Amino acid sequence: MESAIEAELAWLNGERDEPSWPPFEREPAHPRHRFGRLERVTEHEDRKPEFYTDHQAAALWLGKAAEVFDAKKPWLRDVAEPYSPWTSVANGSELDESEDVDTTPHEWNEAYFKLLAYCLPGLTIAQVEETALGMILGLPDEASLDVMTIFLRSVDAVYFGDLGLQETQAVHVRTALARRLMETRDWKWQSRDRSTSISARLARRSQSFSSMIMRPWCQRSATCLKRESTVWVPFCLSSAKLCSGGHFYSSR
C-alpha cells in the first residue's frame, strides 16, 4: 500500500509516468449446479484464496466516480480495460454456455458496465465489439442477460443524452444484444410457446429493448425524441429480420 501511494504522489509531482491501475485477484465464477461436471472441479476451487479483491468496495468507489464520467474523454478506457478480464471471468466466461452462474459481482457489474457504456463514443464498430460486446456476448445465458440489462440502460443514457455515441454504433449494440437474447434458452422456449403470455424473467430482461420514449428524462427533450426515432426504427427493422424465423408474442 505504501509503495502504491508513493507511486501516485510521484506521478502527481511529474516525477514518473502514471502508475497502472491495481489488478484484481482472480475470482472465477462457479456454476449453480455441478451435476455432470465433477470431473472438472479441481482441488483449488474449494480452497480459500490467500488474497482476494473486495469488489464491493471497488464498486462503491467506481459508482461515486461516475459523477465525473465524461464520454468524450478517452481516459475512461484506461480505467475499464484493465478490469475487463476479471469482470468476464467473474461473470462466468470460463463456464459452459448452458451453465448458470451461482453468484455474480452485482454491485461491481452495475458500476463497471455503466463505465463501459461511457467508453463507447469515438469507437468504431470493430472497437465496440472488442471493448464491450465480445465480453457480454460470450457469457453464459443468465449472466449475459443480467449485464446486458445494465449495459444497455447506460448506452441509452449516453446516446440519448447526446454524449457522442453515433447512431450506427447505437443500433449495432442493440442489434447484437437482441441477437444474443434470442439465442438464450428462455427465448427459444418462449418462441415455441403459442400463448399470449411471457415469462416474468424474460419480460424483465426484454424491457431493456423497449422504446426510450417511456423514460421521464427522455420525454422532456425534443432532441431526445429525434434521436429516439433515428435509432429505434433501424433497430426494429433489424430485429424483425432476426425474429422472422420464430414466433413471439408480447405480454398484455
Inset, instruction - Go through the residues of the stretch 208-217 one by one and say whether even a single one is at pLDDT 55 or above, under 21 Å from the mean Cα position of the chain (by Cα) and not aromatic (Phe, Trp, Tyr). - result: yes
Inset, instruction - Quickly run through the stretch 136-150 and pick out the residues that are more than 8 Å from the chain's Cα centre (by Cα) and closer than 19 Å to VAL171 by Cα. - result: LEU137, LEU145
Inset, instruction - Could you tell me whether ALA57 is at pLDDT 85 or above, assigned to a helix (DSSP H, G or I), hydrophobic (A, V, I, L, M, F, W, C) and at negative phi? - result: yes
Inset, instruction - Of all residues in the stretch 183-197, count the ones that are out of contact with any helix residue (DSSP H, G or I) (no Cβ under 6 Å at 6 or more places or on another chain) and within 12 Å of LEU137 (Cβ to Cβ). - result: 1
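Counting only residues that are charged (D, E, K, R) and surrounded by 15 or more Cβ atoms within 10 Å (Cβ to Cβ), which one in the stretch 180-193 is modelled with the lowest pLDDT? Please lay out each step first, then the result.
Initially, the stretch 180-193 is screened for residues charged (D, E, K, R), giving 180, 183, 185-186, 188, 192-193.
Then keep just the ones that are surrounded by 15 or more Cβ atoms within 10 Å (Cβ to Cβ); that gives 180, 186.
Numbers: ARG180: 90, ASP186: 79.
Only one residue tops the list, namely ASP186.
Restricting attention to the stretch 23-45, and to residues there that are modelled with pLDDT under 80 and surrounded by 12 or more Cβ atoms within 10 Å (Cβ to Cβ), which single residue is nearest to GLU99 (Cα to Cα)?
From the stretch 23-45, those modelled with pLDDT under 80 are 32-45; that's our starting set.
Retained after the next criterion (residues that are surrounded by 12 or more Cβ atoms within 10 Å (Cβ to Cβ)): 32, 34, 37, 41.
Numbers: ARG32: 7, ARG34: 9, ARG37: 10, VAL41: 14 Å.
Result: ARG32.
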Inset, instruction - Might you check whether a residue that is more than 26 Å from TRP187 (Cα to Cα), surrounded by fewer than 23 Cβ atoms within 10 Å (Cβ to Cβ) and aliphatic (A, V, I, L, M) occurs anywhere in the stretch 158-170? - result: yes
Inset, instruction - Only residues in the stretch 130-149 that are of a type in the set (Asp, Glu) count as the first member; pair them with residues that are modelled with pLDDT under 90, Cβ under 6 angstrom, at least 6 apart or cross-chain, and list the lot. - result: ASP141/THR184; ASP141/ARG185; GLU142/ASP100
Inset, instruction - Could you tell me whether any residue of the stretch 68-76 is modelled with pLDDT of 80 or more, in contact with a Phe, Trp or Tyr (Cβ under 7 Å, 6 or more places away or on another chain) and either within 29 Å of HIS30 (Cβ to Cβ) or of a type in the set (D, E, K, R) (or both)? - result: no
Inset, instruction - State whether the residues of the stretch 135-147 include one that is modelled with pLDDT under 95 and hydroxyl-bearing (Ser, Thr, Tyr). - result: yes
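Please verify whether the stretch 183-192 includes one or more residues that are assigned to a helix (DSSP H, G or I) and within 18 Å of the chain's Cα centre (by Cα). Show your work before the answer.
If we filter the stretch 183-192 for residues that are assigned to a helix (DSSP H, G or I), which is where we start, we get 185-191.
Pick out the ones that are also within 18 Å of the chain's Cα centre (by Cα) and you get none.
The answer is no; no qualifying residue exists.
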Inset, instruction - State all residues of the stretch 50-90 that are exposed (fewer than 15 other Cβ atoms within 10 Å of the Cβ) and β-branched (Val, Ile, Thr); if no residue qualifies, say none. - result: VAL68
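The values are calculated or read from the model by the stated rules, or taken from the named source; none is laboratory data. A quick note: this is a predicted structure, and the numbers were derived from the prediction, not measured. In this analysis, Cβ positions are derived from the backbone assuming ideal geometry, glycine residues included, and neighbour counts consider all displayed protein chains.
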